[in-house]
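In what follows, a structure is listed as structure tokens, so that the remarks can point back to it.
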Amino acid sequence: MKKAKLFSLGTVAMAALLALGACGGGGGGKTDSSGGAAKEDSKHSVAIVTDIGGVDDRSFNQSAWEGLQAWGKKHDIKKGNGGYNYIQSNDASEYEQNISQAVTNGFKTVFGVGYLLADPISAAADQNADTNFVIIDSVIDGKDNVASATFKDQEAAYLAGVAAAETTKSNKVGFVGGEEGAVIDRFEAGFVKGVEDTAKKLDKDISVKVEYAASFGDPAKGKALAANMYNSGIDIIYHASGGTGQGVFSEAKARNEKLDEADKLWVIGVDSDQQKEGKYKSKDGKESNFCLTSTLKGVGAAVQDISTRALKDKFPGGEHLSYGLKDGGVDLTDGFLSDDAKAAVKEAKTQVSDGDIKVPETPEK
């Protein structure tokens with residue numbers, strides 16, 4: 001494998017991700033083929049194959065699709081075969097056939113969105129030497145037609161931990177993960193470390209409860225885990241669980257609607273700004289929001305970056321592109337943080353970016 005490289009996504013690219021709204025999705029293995037009057041460019045056509053959360057998961061997959069849409073619009077390329085599109089996976093068993101469908105439909109660059117697609121992307125690359133493949137959130141070595149894109153999720157999660165420790169009233173916070181593995185390990189490790197470091201600065205004893213749903217597409221499990229956490233006195237939950245996180249938001253909303261504004265329970269969003277998911281009306285009739293902040297992951301900006309490279313006939317095959325806090329690949333929103341919390345996050349961001357704080361990638365066992 002070639003040495004990992006850092007590439008700046010830039011302020012403009014990250015801002016574009018924040019500004020993009022939600023979009024609808026299709027069924028399993030289904031492409032959204034509605035198109036406009038934009039041009040075809042089959043030589044540089046791009047497709048993303050989603051993980052099971054779908055393009056409207058308000059998180060990881062949606063960020064990728066919104067990024068690809070923005071790329072198509074910028075380059076006047078049409079949606080559909082010969083341009084850009086998505087193929088949605090409703091089950092892991094569909095990954096291989098959906099990737100094959102993308103190749104059969106003539107797409108020249110095919111993204112597998114999520115580390116669970118690494119094996120089928122690798123196999124497809126062996127069988128289709130003339131197609132460019134990209135794996136998001138994993139690394140595939142030794143293939144000239146595969147680019148790998150990963151993110152330093154632990155750095156953004158560290159900032160989320162700082163924010164949670166600065167905000168909690170109960171001194172109990174929670175983390176809900178999707179499926180256990182190297183990627184979500186980074187989120188857990190960074191969050192726990194951020195809480196621990198900030199608790200020491202504040203001279204507090206703050207506990208972190210960690211639970212996994214064993215799925216990125218099970219809102220019911222997310223809701224149940226959140227309920228147990230809130231019942232135990234936890235007042236802030238950070239989720240890194242894709243579509244499962246919709247259940248965490250659902251549980252928080254149901255509880256907050258029965259509470260006064262001052263007693264609200266918080267959720268920290270993941271991968272994109274999930275503030276819209278936190279809107280509610282409190283028991284005392286106030287319009288409010290319980291999404292404290294969100295960690296940002298420039299999936300859409302990475303999709304745009306690599307797609308543009310391919311468009312310029314400079315596809316980074318065989319390379320591992322790593323996007324971190326220093327170069328804008330990950331970040332944290334201001335959300336509804338207090339001034340003290342914002343100041344603490346800003347200080348931590350500088351320390352992490354400068355290398356003064358080393359954030360672990362794996363949880364302590």
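Does the range 194-297 come out rounded, prolate or oblate by the C-alpha gyration tensor, with a ≥ b ≥ c the root eigenvalues, rounded set by a/c under 1.5 and, if not, prolate when a/b is larger than b/c and oblate if not?
rounded
Do you know the relative contact order of the range 174-299, to the nearest whole percent, from alpha carbon pairs under 8 angstrom that are 6+ apart?
About 22 percent, as a whole number.
For an R0 of 30 angstrom, estimate the FRET efficiency from the Cβ-Cβ distance between Ser353 and Gln127 and round to the nearest 0.05.
0.15
Listed here are the pairs Lys39/Lys108; Lys276/Lys358; Lys143/Lys314; Lys209/Lys326; which of them are more than 27 Å apart at the Cα?
Pairs exceeding the cut-off: Lys276/Lys358; Lys209/Lys326.
Which cross-chain or sequence-distant (5 or more) residues have an amide H under 5 Å from the amide H of Gly217, H modelled 1.01 Å from N in plane?
Correct list: Thr244.
Taking H as built 1.01 Å from N, whose amide H comes closer than 5 Å to the amide H of Gly54, not counting residues under 5 places away?
Ser89
Just from its helices, what would the mean residue ellipticity at 222 nm be for the chain, if runs of 4 or more DSSP H residues each count -39500 (n - 2.57) and the sum is divided by every residue, rounded to the nearest 500 deg cm²/dmol?
It comes out at -11500 deg cm²/dmol, rounded to the nearest 500.
How high is the relative contact order of the range 117-194, in percent, with contacts defined as C-alpha pairs under 8 Å that are six or more residues apart?
RCO, the range 117-194: 28 percent.
Can you flag which of Lys253/Lys286; Lys200/Lys342; Lys204/Lys297 are past 21 Å Cα-Cα?
Beyond 21 Å: Lys204/Lys297.
Helix 118-127 versus the longest principal axis of the chain: what is the Cα-based angle in degrees, 0 to 90, to the nearest 10?
The angle comes out at about 10 degrees.
Which order, highest average first, do 51-59, 349-357 follow once you tally other Cβ atoms within 10 Å for each residue and take the mean per peptide?
The densest-packed peptide leads the list: 51-59, 349-357.
Just flag the GluC sites (Glu not before Pro) in the range 137-189 sitting in loop per DSSP whose Cβ has no more than 15 other Cβ atoms within 10 Å.
In loop regions of the range 137-189 (DSSP not H, G, I, E or B), the sparsely surrounded GluC sites (Glu not before Pro) are Glu180.
Apply the a/c threshold of 1.5 to the C-alpha gyration tensor of the range 138-260 and tell me whether it is rounded, prolate or oblate.
oblate
Give the calculated FRET efficiency between Asp284 and Lys326 to the nearest 0.05, with a Förster radius of 45 Å applied to their Cβ-Cβ distance.
0.55
Any chance you could give the angle, 0 to 90 degrees and rounded to 10, that helix 299-311 forms with the longest Cα principal axis of the chain?
Rounded to the nearest ten degrees, it is 20.
Rounded to the nearest 10 degrees, what's the angle between the helix 219-231 long axis and the longest principal axis of the chain, both from Cα atoms, 0 to 90?
For 219-231 against the chain, the angle is about 20 degrees.
Lys209 versus Gln97, label points 7 Å from Cα toward the beta carbon: distance in nm?
Modelled inter-label distance: 4.0 nm.
Solvent-accessible area per residue for the chain at a 1.4 Å probe radius, Å²?
Accessible area per residue: 41 Å².
What is the percent carbon and sulfur in the accessible area of the chain, measuring with a 1.4 Å probe over the protein chains and ignoring ligands?
Looking at the chain in its full context, I get 45 percent from C and S.
Relative contact order of the range 55-155: what whole-number percent is it, with Cα pairs under 8 angstrom and at least 6 residues apart?
Once divided by the residue count of the range 55-155, the mean separation gives 17 percent.
Students often check this: by mean Cβ neighbours within 10 Å, which of 135-147, 68-80 ranks highest, and how do the rest follow?
135-147, 68-80
The values are calculated or read from the model by the stated rules, or taken from the named source; none is laboratory data. No experiment lies behind these values; they were computed from the predicted model shown. Here the Cβ is made from the backbone with ideal geometry for all residues, glycine too, and neighbour counts use every protein chain on show. The protein model used for the area step is the full one, side chains on, heavy atoms only, and it has no ligands, DNA or RNA in it. Shrake-Rupley method; radii C 1.70, N 1.55, O 1.52, S 1.80 Å.
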